[in-house]
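Worksheet: one structure, shown below.
The values are calculated or read from the model by the stated rules, or taken from the named source; none is laboratory data. Given the structure is predicted, the values throughout are model-derived calculations rather than measurements. We place every Cβ from the backbone using ideal geometry, glycine too, and count neighbours over all the protein chains shown.
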Amino acid sequence: MTMRATFAEESARSRSIAPSARRGSGAAGVRWGDMLARGFVITCAGVVVLATATMIAFLAQTGIKGLTEVGLWPLLHGTKWKPEADSFGGFALLSGTLVSASGAVLFGAVPAVLAAVWLSELSPKMIRTPFRRVMEIAAAVPSVVYGWLALVYLVPIMEHVAHRLYGADAAVGGEGLASSAILLGIMIAPTVLLLSLDALSRVPAELRQGSAALGASEMQTAFRVALPGAWRGILIAVFFGLARAAGETMAVQMVIGGARKLPDNLFTPTTTISTQIVMDMQNASPGTTASNALYSMALVLLVVSVIIVLATRLLSRQTAT
């Protein structure tokens, strides 16, 4: 009896220890898996940061070299961009970029925000999901497709408008800042709309219910409750669209004309920083003043984008407080 009791006690003890040992080995496996996943994520983050820092450092080094050779004031204020004659006045490029991007906000971002308010607050629920899916598809369309469609359909329309405004014999056409601004507005509108919808969806439903309980109409609730409540996210969406419009290249190149000069009006050809870089980079030998000047204009475009980001953060913080 004593030996049987002893054997039973040992068996019970081994059964009680085995599950804990198995749990310990399982926990060790989980810890190793967590460590591997964390190491992979940290490595990916490090690669992204390193690549970005390397790109900015190279652009800054080469761009500053170009600024030294050409001069900051001639580069930003000069109106004649002609690398074959050693003339690097980038004011036409800079003004074309800023005017096109600002026009894109007017023609694209503002209607997109209003459409987002209508879709989120005023439209029938049955069309909200299909409309959003269409906008997601539109946001994924390649830029060159937008540019080709604009060249085929938008440019002739704008040429007709230009001759209506300036006369049949006027030296105007469909290519220029007007076509560029409208094209960029169409391109950024889906993205701005989707980001604005996300911002509006984060407004608490209790605010809308409280507004309705106080007797406000749907329109009043949309523009006095939902829109102010989502203002920070909508502001970020608009500035994101502005940054994308400022850096767009291929689509703009198809409709802006590519003339390296200041335009006489919105219906004459001109250029932007990104389009001129694409047009001149194949003829600019590395290490020459022409190549370094292109890097300088790319650095200017980067600074403009950074200013847009900083302005967005500043304004969003002010609206939050």
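A compact table of results
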read-out	value
Residue selected from segment 149-175 under the condition touching a residue at least 40 places away in the same chain (Cβ under 8 Å) and outside any helix (DSSP H, G or I), by the criterion nearest to N265 (Cα to Cα)	V172
Of residues in segment 163-214 being within 30 Å of A138 (Cβ to Cβ), of a type in the set (D, E, K, R) and more than 23 Å from the chain's Cα centre (by Cα), the one surrounded by the fewest Cβ atoms within 10 Å (Cβ to Cβ)	R164
Matching residues in segment 215-248 - criterion: being surrounded by 17 or more Cβ atoms within 10 Å (Cβ to Cβ) and of a type in the set (S, T, Y)	T221
Residue within segment 121-143 that is touching a residue at least 12 places away in the same chain (Cβ under 8 Å), part of a helix (DSSP H, G or I) and farther than 29 Å from R232 by Cα present	no
Contacts under 8 angstrom Cβ, first residue in segment 230-241 being part of a helix (DSSP H, G or I), partner acidic (D, E) and surrounded by fewer than 19 Cβ atoms within 10 Å (Cβ to Cβ), 6 or more apart	G233/D198
Scan of segment 259-288 for residues that are in contact with a Pro (Cβ under 8 Å, 6 or more places away or on another chain) and free of Cβ contacts under 8 Å to residues at least 40 places away in the same chain, ordered by number	A259
Qualifying residue in segment 254-265 (condition: among the charged types (D, E, K, R), assigned by TED's automatic domain parsing to the domain that holds E136 and under 16 Å from V110 (Cα atoms))	no
Checking N292 against (1) touching a helix residue (DSSP H, G or I) at 6+ places or on another chain (Cβ under 9 Å); (2) farther than 19 Å from L151 by Cα; (3) outside any helix (DSSP H, G or I), the condition it does not meet	(3)
Among (1) out of contact with any Lys or Arg (no Cβ under 8 Å at 6 or more places or on another chain); (2) modelled with pLDDT of 90 or more - the single one L119 does not satisfy	(1)
Residues of segment 72-99 classified as touching a strand residue (DSSP E or B) at 6+ places or on another chain (Cβ under 9 Å) and surrounded by 15 or more Cβ atoms within 10 Å (Cβ to Cβ), total	15
Residue satisfying all of: in segment 290-321; surrounded by fewer than 18 Cβ atoms within 10 Å (Cβ to Cβ) and hydroxyl-bearing (S, T, Y); farthest from K65 (Cα to Cα) among these	T321
A222, sole failed condition from (1) farther than 17 Å from A298 by Cα; (2) in a helix (DSSP H, G or I); (3) at pLDDT 90 or above	(3)
